[in-house]
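Here is the structure we will look at, set down as structure tokens.
The values are calculated or read from the model by the stated rules, or taken from the named source; none is laboratory data. Here the structure is a predicted model, which means the values were calculated and not measured. We place every Cβ from the backbone using ideal geometry, glycine too, and count neighbours over all the protein chains shown. Accessible surface is based on the protein model in full, side chains and every heavy atom, while ligands, DNA and RNA are left aside. Shrake-Rupley method; radii C 1.70, N 1.55, O 1.52, S 1.80 Å.
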Amino acid sequence: LKKVSLFDNLNDEQLEHVLRISHRRTLKPGTILFHEKEMGLTFYVVLSGSLKLFTKSNSGEEKVLSLVNAGESFGELSLLDGRPRSASAQTLETTTLLELSSEQFMELMQAHFDITRGILAELCRRLRTTNEHVNDLTFLDGRTRVLKNLISLANKNGKRSGNIISIPMSLNYDELAQMAGVNKAVLSEVIRELESRGVLQFGINEYKLNLLKLRG
Ligand code: CMP
């Protein structure tokens, strides 16, 4: 729990309390935790593993809104405004979650202003990211959006060694394309171009970005 930024300011006794009132659950890769538009009764903290949060268009196309990694939390919106889930959640690998009921979540927010402030800060961060995403969709071309998306995944999930960043690849081609807001043909074209310039190298479970070549 010490790695969960939301609980940064809790002492050991308070962390014990959180553990006592919450529920631990491990899910297999590919498990849908909840669907968009369902009623939400639970708040989740990711202890290990990762998930994607996504919505679907009327014609069934997916849009990945965000990835959630260990130490991060989600599912607060429907508890705070009483409206249905704003997105679906699906595990990308074996994932262990801490679950808090709506009541326990509200109790924690009431008892610890630091937790409330952490939730508000997270909501602010998401609004900023969403604004940036809207700007990107409005003002950037598809190629730049793909590049920007790869770089932001590298910043979030990558491990740097010299000029090379290795990024674990838990998303497939479709999901990468949805995140960048391009179709698969544009994604493939950009990836081919980056690979031919030595900027990007795709492996089975990861991809590598070469920062030196990227700058060029
Ligand atoms: P809730 O609406 O209860 O269920 C889906 C959750 O996904 C939501 O709470 C947020 O925690 C999270 N979520 C929704 N939209 C975004 C977004 N644009 N970026 C990151 N997380 C989001």
(message) Using only alpha-carbon positions, what ratio does the radius of gyration of the range 42-81 give when scaled by 2.2 N^0.38 Å?
(response) 1.33
(message) Expected output is a single nm value to one decimal: the length gained when fully extending between Arg25 and Ser5, i.e. 0.36 nm times separation in residues minus the C-alpha distance. What is it?
(response) 5.2 nm
(request) Return the whole-Å distance between the Cα centroid of the range 181-201 and the Cα centroid of the range 39-84. (result) 28
(message) Ignoring ligands, DNA and RNA, please state the percent of accessible area on the chain from carbon and sulfur, probe 1.4 Å.
(response) 51
(request) With unit charges on the beta carbon (Lys/Arg positive, Asp/Glu negative), name the residue among Thr95, Thr55, Gln110 whose Cα is farthest towards the positive pole of the charge dipole of the range 31-135. (result) Thr55
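Considering only protein heavy atoms, what per residue accessible area in square angstrom results for the range 108-147 with a 1.4 angstrom probe?
That works out to 69 Å² for each residue.
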(request) Please sort by residue number the trypsin sites (Lys or Arg not before Pro) in the range 29-121 whose DSSP state is loop and whose Cβ has at most 15 other Cβ atoms within 10 Å. (result) Lys37
(request) Using the heavy atoms of the protein chains and a 1.4 angstrom probe, tell me the accessible area per residue for the range 156-211 in square angstrom. (result) 53
(request) May I have the pair-distance distribution P(r) for the chain, computed from all Cα-Cα distances with 5 Å bins from 0 and rounded to whole percent? (result) 1, 6, 13, 17, 18, 16, 12, 8, 5, 3, 1, 0
(request) Given a cut-off of 29 Å, name the pairs among Lys37/Lys159; Lys2/Lys156; Lys56/Lys159; Lys2/Lys56; Lys28/Lys184 whose C-alpha atoms lie farther apart than that in the structure shown. (result) Lys37/Lys159; Lys56/Lys159; Lys2/Lys56
(message) At 0.36 nm per residue, and after removing the present C-alpha to C-alpha distance, how many nm does the segment from Tyr173 to Ser59 gain when stretched out fully?
(response) 39.1 nm
(request) In whole Å, largest first, what are the principal axis extents of the Cα atoms in the range 47-138? (result) 42, 31, 24
